[in-house]
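A short worksheet on the structure shown next.
We did not get these values from a lab; they are worked out from the coordinates using the rules stated. If you're wondering where the values come from, they're calculated on a predicted model, not measured in any experiment. Every residue, glycine among them, receives a Cβ derived from its backbone with ideal geometry; neighbour counts consider all protein chains shown.
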Amino acid sequence: MSVTVIILLILLGIILFLVEFLLVPGITVAGIGGAILLIGSIYLGYHFHGPVVGNYILLGTIVVSVLVLAMALKSKTWRRVMLGTNIDSRVDAVSPRQEKVEKGAEGETLTRLNPIGKVMVNGKVFEGKILDGYLDPNVPVTVVGLEGNKLIVKPKID
């Protein structure tokens, strides 16, 4: 087996490792194939060309692998493929604080609160949370507090 074929196998193994490392998450066929190609090509170098050439192939494989990995991890390499724009859009969520929903306000559940769901208070839809248990849809509720953008509610007692 010629040294050229062994070098091509090493390069193919390194390419498969890069595909595994950069594109495909987890341990997949690319990573296993890359490992088999690298180990196999080093073995073939020792087997067909003796220990001196085998050692050169082993050392060359390690050096090239480290250089390719270092080059792939440089930030300049990633700038070429990175998204260059910033996303500045926002979700138009209605905040209970903006709508001045007070404790004691009354409303109704729109969806099941288990423990979080949708409630309507003062004609506006908010995310609601019940502290204990669950509530079915269309149940009258009273606001007992605010937690972030959620209304803390309890069933209305007549």
(message) Quick check: the angle from helix 29-73's long axis to the longest principal axis of the chain, C-alpha only, nearest 10 degrees?
(response) 20 degrees
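Tell me the net charge near PRO137. Cut-off is 10 Å between Cβ atoms, PRO137 excluded, with +1 for each Lys or Arg and -1 for each Asp or Glu.
Working: positive: ARG112, LYS118; negative: GLU108, ASP136.
Result for the neighbourhood of PRO137: 0.
Over the chain, what is the relative contact order in whole percent, taking alpha-carbon pairs under 8 Å and six or more residues apart? Intermediate results must be reported in sequence, preceding the final value.
Details: 213 pairs, mean separation 21.3, N = 158.
RCO, the chain: 13 percent.
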(message) Rounding to the nearest 10 and keeping the result within 0 to 90°, find how far the Cα-based axis of helix 3-22 lies from the longest principal axis of the chain.
(response) 10 degrees
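Could you tell me which chymotrypsin sites (Phe, Trp or Tyr not before Pro) in region 52-158 are loop residues by DSSP with no more than 14 other beta carbons within 10 angstrom of their beta carbon?
On the way: sites: TYR56, TRP78, PHE126, TYR134; in loops: TYR134.
Here the chymotrypsin sites (Phe, Trp or Tyr not before Pro) that fit, given the DSSP loop and packing criteria, are TYR134.
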(message) Tell me the net charge near LYS118. Cut-off is 14 Å between Cβ atoms, LYS118 excluded, with +1 for each Lys or Arg and -1 for each Asp or Glu.
(response) +1
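If you take the Cα Rg of region 3-79 and divide it by 2.2 N^0.38 Å, with N the number of residues, what do you get? Walk me through the numbers before you get to the answer.
Working: Rg = 13.3 Å, N = 77, 2.2 N^0.38 = 11.5 Å.
It is 1.16.
Taking a ≥ b ≥ c as the square roots of the Cα gyration tensor eigenvalues, with a/c under 1.5 meaning rounded and otherwise prolate when a/b beats b/c, else oblate, which class fits region 106-155? It would help to have the intermediate numbers written out before the result.
Details: a/c = 1.37, a/b = 1.03, b/c = 1.33.
It is rounded, given that a/c, with a ≥ b ≥ c, falls under 1.5.
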(request) For the chain, list log₁₀ I(q)/I(0) at each q in 0.20 Å⁻¹, using the Debye formula over Cα point scatterers of equal strength and ignoring solvent, two decimals each. (result) -1.10
